[in-house]
Amino acid sequence: GENVEQHPSTLSVQEGDSAVIKCTYSDSASNYFPWYKQELGKRPQLIIDIRSNVGEKKDQRIAVTLNKTAKHFSLHITETQPEDSAVYFCAPPLSGTSYGKLTFGQGTILTVHP
Amino acid sequence: DAMVIQNPRYQVTQFGKPVTLSCSQTLNHNVMYWYQQKSSQAPKLLFHYYDKDFNNEADTPDNFQSRRPNTSFCFLDIRSPGLGDAAMYLCATSRPGRSSYNEQFFGPGTRLTVL
């Protein structure tokens, strides 16, 4: 199965700073790399994803970069705001399933201080 | 708006008393998932349906069962809840693309308390 490690487990930044969360996976056949955000007491929601045929994808203040050789992908948040405070999960699917059976990382608690 | 709905949002049951959680969706997605999420942990997949095909995770206890009577509805039955089953239960749906993965849409969750 897929082994997923996410670092750091907690991240504290000042408003306006950048935040980077890294996810390492084990399955070299993985080809889809999503990041989910879960605010306190709310549901997880997809914020950005990338497929293995590209190295980077950006959506306003968030971006995801992929290094397939090293088997890791990272979430980058620039100009952080207090509303970015949440738990972030990487969730690469298990290969061998043709649809999204996700393997969630342990989560990163991001706190943005005003 | 198309969405994933879970009822009830909060459920209190007694130790050993069966409980059923429900999930409905208006997205017409063919895959439905049930996750268990304990405090400060990642969601843990219990099982999922691909259309009518049921797929159980190897480490899901027998105490947990599921039913999907039609495309829109899916139920989670906990036959004899223990204190360790207290958690948030999340339902999610997806519509896989042709040979590709797609976003999972989560419901708001049902928080289960076992007394």
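The values are calculated or read from the model by the stated rules, or taken from the named source; none is laboratory data. Fair warning: this is a prediction, and the values are worked out from it, not measured in the lab. FYI the Cβ positions are ideal-geometry reconstructions off the backbone, even for glycines, and counts take in every protein chain you see. To get the accessible areas, we keep the full protein, side chains included, count just its heavy atoms, and leave off ligands, DNA and RNA. Shrake-Rupley method; radii C 1.70, N 1.55, O 1.52, S 1.80 Å.
Basic side chains Lys and Arg get +1 at the Cβ, acidic Asp and Glu get -1 at the Cβ, and with that the dipole of the range A:9-114 about its Cα centre reaches some 440 debye. Close amide H partners of A:I48, meaning residues 5 or more places away or on another chain with modelled amide H under 5 Å apart, are A:W35. Summed over both chains, the accessible area lost when B and A associate is about 1900 Å², using a 1.4 Å probe.
For B:N28 and A:N3, the FRET efficiency from 1/(1 + (r/R0)^6), where r spans their Cβ atoms and R0 equals 30 Å, is about 0.30. Taking other residues whose beta carbon is less than 15 angstrom from the beta carbon of A:K58, and scoring Lys, Arg as +1 and Asp, Glu as -1, yields -1. For the range A:1-64, a simple Cβ point-charge model (Lys and Arg +1, Asp and Glu -1, everything else neutral) yields a dipole of about 200 debye relative to the Cα centre. Calculated on the alpha-carbon coordinates, the convex hull of the range B:1-49 measures out at 117 cubic angstrom per residue.
Run through the range A:1-69 and list the chymotrypsin sites (Phe, Trp or Tyr not before Pro) located in a DSSP loop whose Cβ has at most 15 other Cβ atoms within 10 Å. Counting only loop positions with at most 15 other Cβ atoms within 10 Å, none of the chymotrypsin sites (Phe, Trp or Tyr not before Pro) in the range A:1-69 qualifies. If a spin label sat at a point 7 angstrom from the Cα of B:F15 along the line to its beta carbon, no backbone N atom of the range B:44-69 would be nearer than 17 Å. Among the listed pairs A:K22/B:K38; A:K58/B:K38; A:K68/B:K52; A:K37/B:K17; A:K57/B:K38, those with a Cα-Cα distance over 29 Å are A:K58/B:K38; A:K68/B:K52; A:K37/B:K17; A:K57/B:K38. Have a look at B:D85, B:D53, B:D77 and tell me which one the Gaussian network model of chain B (Cα, springs below 10 Å) gives the largest fluctuation. Maximum fluctuation in the GNM of chain B, among the listed residues, is at B:D53.
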